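What follows is calculated from the coordinates using simple rules that are stated; it is not laboratory data. Source: prediction; values computed, not measured. When we count neighbours, we look across all protein chains shown, and the Cβ atoms used for this are built from the backbone with ideal geometry, even at glycine.
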């Protein structure tokens, strides 16, 4: 008790936990919306996660890992719902044009009629609306989209993502790399549909001398 005999000198841990949960609501909703692209589903995921967190707060041993803990809950709930709905999106990793080689957005644009003084793939993305980019991200398979969003949107480190998803760092790196490759292909597809043309290769001159 304080000298006044009325108030405790420190707040109870449970109050700190509850306050931290409330402060994280906006971040949790942004993440849920980024992976689900459905405001109603995002709200459901956050509500479900908050209830689970409050009911199981004694299981969290390290308060500094609270955000990762709750992001993991949202991720697991989202993937479980996706599995139950049997929603599957199949995106080929390779295209007929590139054969067995990995796709490079930079290389594709450099051989197109798209020209700019800056980095071409960056300029292409800048010309796309945020709605279009979100639409493309939505097409990524769930496991790759989650890893991509945590890395490139939430800006978590590979180590933090590995802890959040309970995966090895190598698996996290692989998923992010594949997500970016898929995303580049989808962006390139939109670019072609927007009217970007592939340059015709010049025929090599043969010298008879």
For labels at residue 51 and residue 63 in the simple 7 Å Cα→Cβ model, what's the distance in nm?
2.7
Going highest first, how would you order 42-52, 142-152 by mean Cβ packing within 10 Å?
142-152, 42-52
Whole number please: convex hull volume per residue of the Cα set in segment 13-85, in Å³?
82
